[in-house]
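See structure below.
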Amino acid sequence: MLARRCCPNRETRCNGGALSDQTAFSLPEYLHSLAYFADLDAAQTEALASRALRFTYEPDETIFYEGDPAAGLWIVEQGRVKIFKVNPDGEEHILHLRGNGNTFNDIAALDGGPNPANAAALSRATVWLIPAEVLRELLLSDARVAARVIQILAARVRSLVDQIEDLALYSVVIRLARFLIKQAEDPALSGPGVTRVAIAAHLATTPESISRALRSLEEAGAIRFDRHRILIVREDILKSIAAL
C-alpha cells in the first residue's frame, strides 16, 4: 500500500514573470498553448496565471492520493507524471502517463469529487495547479472554455474505451506495439522514468513479459535498441503487428 506522507512545501504563486529556475518562462503564454485555454484572450490568461500555483516533485514523490479532496486541474510544465491505482496486494497499475503540456485529474477538478487515483512523479517534474474554484469560475463565465472542456473530456473517454479494449482483446505483443506507436506520437509516454516496469504497469502485465514482447518486436524488424532507448525502425511492420 502507499505510505502516506506530507509533501514538502514547494508552493509559489505565479505572477506571470520568469521563474527562479527557468529564464524567459511565461505562464500566460504557456496556458494559452494548452487546448483548454486556447480561446482565452490576453487579459484572461494573465488573470488565470496570477491564481496558479507551481510545485516541483522529485522522482517517485507523491503529488496526491486517491480519495483525497481534489485540489484542482494539474498541468505538467516539465517532466513525467504517472496516474495510478494500487490493488490490495500492493501491485501498481498505471492508468495514464502525462508529460509536458498535458493535464491530469481533470474530472475531479470539474465535478468536485475526490481524486479518483494517485499521482506521482516519474522523473523530476514541475507542475502547475489551477485551483478547482478558479476553474469553475472560468467555466461559468466563458462558454468557449466549457466547450473545449467537453471536447477534451470526450476524447479522454474514447481513449479509456480503447485502453479497455486493448486489455481485453489483445496479447502483450500487440498491446506493446500499440503503446510504442502512441509513444512516437506523444512525448508524455517517453523520456526519463518510462521504464519497462512502468510500461508493464501501464499495460497490466509483468516486466518479464514486456522484455519478451520487446524481443519479439526486435526479431520482427520493427524496433531496435540504442542503449536504453527503443527506436522504431519499421513503422509499417509495427503497425501490422499492432493490427492498426
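The values are calculated or read from the model by the stated rules, or taken from the named source; none is laboratory data. None of the values given here were measured: they were computed from a predicted structure. Using ideal geometry, Cβ is built from the backbone for each residue, glycine included, and neighbour counts are taken over all protein chains shown.
For the reader, a short list of remarks on this structure follows.
- Selection status of residue 126, under 25 Å from residue 228 (Cβ atoms) and hydroxyl-bearing (Ser, Thr, Tyr): yes
- All of 239, 182 fail the test of being surrounded by 15 or more Cβ atoms within 10 Å (Cβ to Cβ), more than 30 Å from residue 57 (Cβ to Cβ) and of a type in the set (D, E, K, R), apart from 239.
- Evaluation of residue 199 against (1) at pLDDT 90 or above; (2) touching a Phe, Trp or Tyr at 6+ places or on another chain (Cβ under 7 Å) (one fails), failing number: (1)
- Test result for residue 137, surrounded by fewer than 16 Cβ atoms within 10 Å (Cβ to Cβ) and within 23 Å of residue 32 (Cβ to Cβ): yes
- Every residue from the range 38-71 that is buried (at least 22 other Cβ atoms within 10 Å of the Cβ) and under 15 Å from the mean Cα position of the chain (by Cα): 57, 63, 64
- Filter pass, residue 140 being among the hydrophobic types (A, V, I, L, M, F, W, C) and under 28 Å from residue 59 (Cβ atoms): no
- With respect to (1) touching a Lys or Arg at 6+ places or on another chain (Cβ under 8 Å); (2) over 20 Å from residue 59 (Cβ atoms); (3) outside any helix (DSSP H, G or I), the lone exception for residue 194 is condition (2).
- Which numbered condition residue 144 fails, given (1) in contact with a helix residue (DSSP H, G or I) (Cβ under 8 Å, 6 or more places away or on another chain); (2) modelled with pLDDT of 90 or more; (3) in a helix (DSSP H, G or I): (1)
- Of the residues contained in the range 92-103, none is found to be surrounded by 15 or more Cβ atoms within 10 Å (Cβ to Cβ), in contact with a Pro (Cβ under 9 Å, 6 or more places away or on another chain) and basic (Lys, Arg).
- Yes/no for residue 135 being outside any loop (DSSP other than H, G, I, E, B), over 30 Å from residue 212 (Cβ atoms), in the same structural domain as residue 51 (by TED's automatic domain parsing) and at pLDDT 95 or above: no
- Residues of the range 97-126 that turn out to be under 23 Å from residue 136 (Cβ atoms) and either touching a Phe, Trp or Tyr at 6+ places or on another chain (Cβ under 6 Å) or without any contact (Cβ under 8 Å) to a residue 60 or more places away in the chain (or both), as a count: 16
- Residue within the range 213-228 that is farther than 21 Å from residue 98 by Cα, touching a residue at least 12 places away in the same chain (Cβ under 8 Å), of a type in the set (Val, Ile, Thr) and in contact with a helix residue (DSSP H, G or I) (Cβ under 8 Å, 6 or more places away or on another chain) present: yes
- If you check 94, 83, 63 for being β-branched (Val, Ile, Thr), outside any loop (DSSP other than H, G, I, E, B), over 25 Å from residue 143 (Cα atoms) and in contact with a helix residue (DSSP H, G or I) (Cβ under 6 Å, 6 or more places away or on another chain), only one passes: 94.
- Per the listing 162, 166, the residue uniquely of a type outside the set (Lys, Arg) and free of Cβ contacts under 8 Å to residues at least 12 places away in the same chain is 162.
- The selection criterion, being under 26 Å from residue 78 (Cα atoms) and touching a residue at least 12 places away in the same chain (Cβ under 8 Å), holds for residue 196.
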